[in-house]
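Engineer: Take a look at this one; I'll ask things after.
The values are calculated or read from the model by the stated rules, or taken from the named source; none is laboratory data. What you see is a predicted model, and the numbers here were worked out from it, not measured in a lab. When we count neighbours, we look across all protein chains shown, and the Cβ atoms used for this are built from the backbone with ideal geometry, even at glycine. Heads up: the accessible areas ignore ligands, DNA and RNA and are worked out on the full protein's heavy atoms, side chains in. Shrake-Rupley method; radii C 1.70, N 1.55, O 1.52, S 1.80 Å.
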Amino acid sequence: MDLPVAPPAFDATTGPRQRRRADRGADIAAGCGLVLLELIALAVIFGLWFLSGFRLDPQETVTADSLWGYLAAAGGVGAVAVVAAVTAARVDAVVTVVAQAVMAVLILMIVLGGGEVQSHQDQLCHDVPSAVGCEDSDRN
């Protein structure tokens, strides 16, 4: 007796759109590791900015460097976070995508806030060159 044969059922594990989900443990480790490295990079960047205005000589008046260069470096770290989030999204590493998206938003807020502060300081020094924190170009 010959029984009818049913057509094969849809198999989502084969074919051109086969997607492999990232291992959850590796996903969590990558997300946490990237966040840690980015926080270390931000601490180094803004630590260097802080140290630019720090001298041990009490006779010397020192002002910190302009934030613009340090904000550009922080923006570079933010760009790395966006690239990492896009790359993680391609392999369905959900934890890494969320962690990198949060870091990108945090860095964007830092860069926008720091840019606003430095722009205000630049405008103040332009309007009142003798204001606190404005250095005289003749003294350098």
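Engineer: When the chain is fully extended, how far beyond the present Cα-Cα distance does Leu56 get from Ala72, taking 0.36 nm per residue of separation? Before the final figure, lay out each step's value.
Structural biologist: Numbers: separation 16, 0.36 × 16 = 5.76 nm, distance 2.78 nm.
Full extension from Leu56 to Ala72 adds 3.0 nm.
Engineer: Explain nothing, just compute: Karplus ³J(HN,Hα) = 6.51 cos²θ - 1.76 cosθ + 1.60, θ = phi - 60°, for every residue of segment 46-59 in order, whole Hz, x for Gly and Pro.
Structural biologist: 7, x, 5, 5, 4, 5, 5, x, 10, 9, 8, 7, x, 7
Engineer: Heavy atoms only, probe 1.4 angstrom, no DNA, RNA or ligands counted: give me Ser52, Ser130 ranked by accessible area, highest first.
Structural biologist: On the way: Ser52 20, Ser130 105 Å².
So, going from the largest accessible area down, we get Ser130, Ser52.
Engineer: Oh, and also: With no solvent and one equal point scatterer per Cα, compute the Debye intensity ratio I(q)/I(0) for segment 21-77 at 0.16, 0.23, 0.25, 0.26 Å⁻¹ and report its log10, rounded to two decimals.
Structural biologist: Each listed q corresponds, in turn, to -0.63, -0.88, -0.94, -0.98.
Engineer: Can you tell me the accessible area per residue over segment 20-126, all protein chains present, probe 1.4 angstrom, in square angstrom?
Structural biologist: Working: 6720 Å² over 107 residues.
Heavy-atom accessible area per residue stands at 63 Å².
Engineer: Just to verify a number: FRET efficiency for Leu124 and Ala64, C-beta to C-beta distance, R0 = 22 Å, to 0.05? Please report the intermediate quantities before stating the final value.
Structural biologist: On the way: r = 14 Å, r/R0 = 0.65.
Using R0 = 22 Å, I get an efficiency of 0.95.
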